[in-house]
Amino acid sequence: MKQFISFVIKESRHILRDRRTMLILFGMPVVLMLLFGFAITNDVRNVRTVVVTSQRDLLTQQAVERLAASEYFTITSAVETPQQAEQLIRNQKADMAVVFGQDFATERNLQFIVDASDPNMAQQWTTYATQTIVNAGQAKINQRMLYNPQMKSSYNFVPAIMGMLLMLICAMMTSISIVREKEKGTMEVLLVSPVRPLMIIIAKAVPYLLLAFSILITILLMARFVLGVPLAGSLLWIFFVSGIYILLALSLGLLISNIATNQLMALLLSAMVLLMPIVMLSGMLFPIESMPTILQWVSAVVPPRYYIEAMRKLMIMGVGVGEVTREVIILSVMTFLLLAVSLKKFKTRLE
């Protein structure tokens with residue numbers, strides 16, 4: 001046991017002495033949280049809007065005032081014809097135009113002219129504008145937004161960032177650490193020591209396991225106190241599910257280290273095998289339900305998909321662990337399979 005602890009302390013000191021590694025481990029989460037929380041967002045804010053109306057009856061005036069008072073829209077100008085509004089949009093001086101018909105007071109006749117170069121945002125603009133204008137008239141819409149009443153995109157991004165960072169850092173750092181030992185020839189020295197190969201691998205993984213939980217705590221603190229994202233669910237279950245996911249990531253890193261022959265190859269494999277699937281197929285940026293059927297099937301084997309779904313339920317919706325049983329079972333099975341294959345592959349290579 002003393003030898004095992006010595007290996008853990010040795011690996012921990014090696015990590016802590018490497019300033020570049022520590023910068024990656026703790027700098028990347030902070031930067032990504034700030035970027036996705038404040039800069040990279042799909043929230044509707046300050047849409048430059050042109051108003052097109054030939055008459056100013058009371059109802060039209062109320063609709064325009066409501067648009068101007070909304071935090072979503074900024075009235076930049078008022079013109080008399082749709083052609084003038086369209087030209088402003090083409091000149092990049094406006095994002096959308098609201099055209100009030102002459103019979104708007106009686107027929108609620110209006111038209112939207114929208115810059116649809118980003119179709120998702122264009123759809124959101126028209127939806128928000130419709131709700132704002134309709135609420136100004138006689139028809140009242142009573143809507144209730146559950147879990148995210150302010151429609152903040154950070155509620156969606158924080159669980160996704162957790163899934164991406166924990167997977168990348170644990171898998172990438174573990175694989176590079178083991179491959180570095182092989183490159184330097186020190187792995188052979190470790191293997192002839194009295195400690196069994198399995199204990200050596202576990203000893204190298206323990207510091208990254210502890211660092212992963214430190215990163216998780218950092219993300220949760222930033223989410224709660226910087227971005228204002230609630231932690232509605234139990235912290236105990238959040239850490240429990242995260243622990244399974246971290247073990248899965250460490251197992252994947254061990255598997256990559258068995259395949260890679262040098263640190264560069266380990267880094268490239270980690271980037272290709274992990275980064276693109278996580279971003280594109282985990283539901284982090286794009287809804288899985290909107291993907292082609294074949295990609296939905298491919299996403300079924302992407303572990304971050306299930307972790308992100310579980311964290312959204314636990315953190316944002318505040319459900320109990322019973323509601324994430326499916327995700328926990330899938331992650332547990334994946335962890336067991338990856339760990340078994342990795343250890344078997346590792347022992348075979350040593351022989």
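Summary of computed values
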read-out	value
Cα centroid separation, the range 273-351 to the range 77-96 (Å)	46
Cα-projected label distance for residue 289 with residue 240, points at 7 Å along beta-carbon direction, nm	2.8
Hz values of 3J(HN,Hα) by residue in the range 209-217 - Karplus curve (6.51, -1.76, 1.60), Gly and Pro given as x	5, 5, 5, 4, 5, 5, 5, 4, 4
Vicinal HN-Hα couplings computed from phi for the range 243-250 (Karplus, 6.51 cos²θ - 1.76 cosθ + 1.60; Hz; Gly/Pro x)	x, 4, 5, 5, 4, 4, 5, 5
Where labels lie 7 Å past Cα in the beta-carbon direction, separation of residue 232 and residue 268 in nm	4.5
Overall form of the range 234-301 per C-alpha gyration tensor (a/c, 1.5; a/b vs b/c)	oblate
Under 5 Å, built H, 5+ apart or other chain: amide partners of residue 318	232, 233
Computed E for residue 24/residue 147 - FRET, C-beta separation, R0 30 angstrom, nearest 0.05	0.35
Net lengthening on full extension, residue 14/residue 112 (0.36 nm per residue, minus Cα-Cα)	29.2 nm
Estimated FRET transfer efficiency when R0 is 45 angstrom, pair residue 120-residue 180 (beta carbons, to 0.05)	0.60
Cβ-Cβ FRET estimate between residue 225 and residue 90, R0 fixed at 56 Å, reported to 0.05	0.80
Derived scalar couplings ³J(HN,Hα) [the range 59-65; Karplus, 6.51 cos²θ - 1.76 cosθ + 1.60; whole Hz; x for Gly, Pro]	5, 5, 5, 5, 5, 5, 5
Long-range amide H partners of residue 74 with built H, under 5 Å	47, 48, 49
Inter-probe distance in nm under a simple model that places probes 7 Å from Cα toward Cβ, at residue 202 and residue 344	2.0
Relative contact order computed over the range 150-303 (Cα-Cα under 8 Å; 6+ residues apart), in percent	37
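Quick note: the coordinates plus some simple rules give every number you see, no bench work behind them. Model, not experiment: these values are computed from the prediction. No Cβ is skipped: glycine too gets one built from the backbone with ideal geometry, and neighbour counts run over all protein chains shown.
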